[in-house]
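Peer 1: Can you read through this structure? Questions will come right after.
Every number here is computed from the coordinates shown, using simple stated rules; none is lab data. Note that this is a predicted model, so its numbers are computed, not measured.
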Amino acid sequence: MMSLVSYLIISLILFIVGLVVIIARKNIVAILLGIELILNAAALNFVAYSRYVTNNLDGHVFSLFIIVIAAAESAIGLAIVIRFFQIKETIHIDEATQLRN
Amino acid sequence: MFIQLLFGLSALLTVGCAIAVAVTKNIMHSCVFLLGSLLGIAGLYATLGADFVAVTQIMVYVGGVVILMLFAVMLTGGKDFVSRAQNLLGLAPAMGNKWTFSVGLLVGLVVILTNVKLIMNIAKAYPAKVIGNDFPSTVSQIGHLLVKEHVLAFELSSVLLLGALVGAAIIARPRKQG
Amino acid sequence: MNQTIVSYLSQYEFYDSLLCLFGNNEGLLAFVIYLLVALIIIGFSATVGGLGTYAERKISADLQARMGPNRVGPYGLLQFLADGVKMLTKEDIMPFTADKFLFYLAPMLALVGVFATLAVLPWSNGFMMADLNVGIFYLIAISSLVGVSVFLGGYASNSKWSMLGGMRGASQIISYEIPVTLSILAITLLAGGMSFGTILSHQEGTIINWFIFHNPFAFLAFFIYAIGALAETNRAPFDLPEAESELVSGYHTEYTGLRFGFFALAEYIEVFVVCGVGAALFLGGGNLPFNIQIDIIPLQLVQVVIFITKALLLYYVVIWVRWTLPRLRVDQLMSICWKYLTPMAILNLVGCAIWLVVFNGKSMADLVFGSH
């Protein structure tokens, strides 16, 4: 049951679900959730390959950097969401039509 | 045996919660399901012997990102939680007509077939091997890698984090209107 | 190398006879041992949590020149059992507008987060459920589930007081995690490892080998850890999330019966856990106060008693502080964390690193008495 392929399939499902979330949902926070899922799918792939294929820990380091970047991205993203809400009073993505007001 | 069990449960948690993130209408519930999914991924890391990455995952996501998300949901008002057309199925007709849907279906089919082909190749190249209970500690090795081979990325990520900190504080700062 | 209680017990002879009893099925035996130890630890912690409420009332009564609970059992000792029965039999009320799913989930998350930390708590250098090589890191990480549960409990109740309490709680917990983690990081630096086994083995011997006396920076780190831990467990003077004079009862205002009991139990056990971590990291944990080379099970039990005694002494200080100091304001809370504790913790970390380089890893005691 546990093999490289099973991890890849889990990661594939995560990626697809994240993509669907990004495409289908109109709430900006929900889109950020989708981005987190996609980043995690990538990180899982890195660690799985590092265990089964390369046998060194570079994959772990890469997934650590992915976690760091995801944290930074969500902090900035949520700051933008809050600022957007202050201006538009909504967090519907279709309302985001102007680069400046 | 135990690792198999952990793998099965974590995989179930990850995939189930990820799908729940997509189909739940309430954004607050979506955030909580994301928490479950991320915990499941930490479990998967543990089955891969990546103890440090697993714990970092829990630390950063549970302790930081998910709470931030919940805060953002709360600060952006409770009325908009079930906003217009958040339902996956209810949204479908608005996304296109029969042509776009058939093209999308075709593209999806091609992508899925490509992926199946790729995964079949990988399955042939790396047949399922039994992993014992030999999980050497990765902490010191990761430390060495971080300050030797990947030192540039390590330093840059600290700059990135500082930038994110300052940037988020400046962007979200309340300003005088007009 | 992940040492566990099973691998510790397997070096004794009775383990082999036990193994015969289970038909040489090592996995089953390990499972049974883990189950038994987990039940013992959870039972013990629940008792400590329950007695914590009793101790809290009794000590506060002492400080205020009152009697405290004295009706149920000798000296009122069984008061916590009576409280537990009362909570079990209360009506389970949920506000009409509450978010049902999150309302049910939040107390469970609090309890899960706290009980998961018990898995790595070092009762002695042999009796740990699992001596993970990321032990202390795991403990900090998994205990942040409590922060999520506080927030969700406050949100799901759908009442203003709960909401304010939940938001205060979450922001306080994630803010104070930073100085706490940084001061723990200083200790990790001194020990050269994140597992509790490594940290304890560096503090063997007499009292001067404790990490709190290793260097001045570690001494300061202990107090930063103590303040931060008080804030992380929502204890007074940082009990803003449940400030009863402003917010009724904060994030668990709307909870009744067993769900309220879950929150209360989680809080008291978490206080015990952070006291235990403080004892293990800074005060030598369960190490015997002299060097001894033999390793037998009675000595391990003595270590367990020493560890629990140290943890309970810190527990007493926590309760003492609660009934002595007034509550802070929200802005004071945040400025203490971000303007004072965090810079101090960072300077401490740098100071510890410099100390290690300059004095070649020697402690103050080594320098004075010239040992090693």
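Peer 1: Based on alpha-carbon atoms only, what is the radius of gyration of the range C:194-277 relative to the globular estimate 2.2 N^0.38 Å?
Peer 2: For the range C:194-277, the normalised Cα radius of gyration comes out at 1.46.
Peer 1: On a straight-distance basis, which lysines could pair with B:K98 in a cross-link, Cα separation under 23 angstrom, same-chain partners fewer than 8 positions away excluded?
Peer 2: By straight Cα distance, B:K98 reaches A:K26.
Peer 1: Report the Cα centroid-to-centroid distance between the range C:302-372 and the range B:1-66 in angstrom, as an integer.
Peer 2: Value for the Cα centre distance between the two parts: 33 Å.
Peer 1: Here's another thing I want to ask about it. Give me the aspartates and glutamates in straight-line cross-link reach of A:K88: C-alpha distance below 16 Å, same-chain residues under 8 apart excluded.
Peer 2: The reachable aspartates and glutamates, counting only those whose Cα sits under 16 Å from A:K88, are B:D80.
Peer 1: For each pair in B:K148/C:K362; C:K58/C:K339; B:K148/C:K339; B:K25/C:K86, compute the distance between the two Cα atoms and list the pairs where it is over 30 Å.
Peer 2: Beyond 30 Å between Cα atoms: C:K58/C:K339; B:K148/C:K339; B:K25/C:K86.
Peer 1: If you project the alpha carbons of the range B:1-55 onto the principal axes, what extent comes out on each, in Å, largest first?
Peer 2: Sorted from largest, the Cα extents of the range B:1-55 read 36, 21, 11 Å.
Peer 1: Mind checking which aspartates and glutamates have their C-alpha under 13 Å from C:K160, skipping anything on the same chain fewer than 8 residues away?
Peer 2: C:K160 reaches C:E242, C:E246, C:E254.
Peer 1: Using alpha carbons only, what's the Rg to Rh ratio of chain C with Rh from Kirkwood?
Peer 2: When Rh is taken as the Kirkwood radius, the ratio is 0.99.
Peer 1: Also, I was wondering about something else. How large is the Rg to Rh ratio of the range C:213-372 when both quantities use alpha carbon positions and Rh follows Kirkwood?
Peer 2: Result for the range C:213-372 is an Rg/Rh of 1.06.
Peer 1: Mind telling me which of C:D131, C:D92, C:D239 comes out most flexible in a GNM of chain C, alpha-carbon contacts under 10 Å?
Peer 2: Result for chain C, Cα springs under 10 Å: C:D92 fluctuates most.
Peer 1: Something else: Just the Cα atoms of the range A:4-95: what Rg and Dmax do they give in Å?
Peer 2: Spelled out, the Cα radius of gyration and Dmax of the range A:4-95 are 15.8, 51 Å.
Peer 1: From the Cα trace of the protein assembly as shown, what convex hull volume per residue do you get, rounded to a whole Å³? Could you put the intermediate results ahead of the total?
Peer 2: Numbers: hull volume 124.9 nm³, N = 651.
Taking the convex hull of the Cα positions in the protein assembly as shown, it is 192 Å³ per residue.
Peer 1: Still on this structure, I have one more. For the range C:1-84, what are the per-bin percents of Cα-Cα distances with bins 10 Å wide, up to the bin holding the maximum?
Peer 2: Final binned percentages: 16, 30, 16, 17, 17, 4, 0.
Peer 1: Let me ask something else. Per DSSP H run of n ≥ 4, the term is -39500 (n - 2.57); total these for the protein assembly as shown, divide by its residue number, and report the mean residue ellipticity at 222 nm rounded to 500 deg cm²/dmol.
Peer 2: -22500 deg cm²/dmol
Peer 1: Normalising by the residue count of the range A:4-95, find the relative contact order in percent from Cα pairs under 8 Å and 6+ residues apart.
Peer 2: Details: 91 pairs, mean separation 26.7, N = 92.
It comes to 29 percent, rounded to a whole number.
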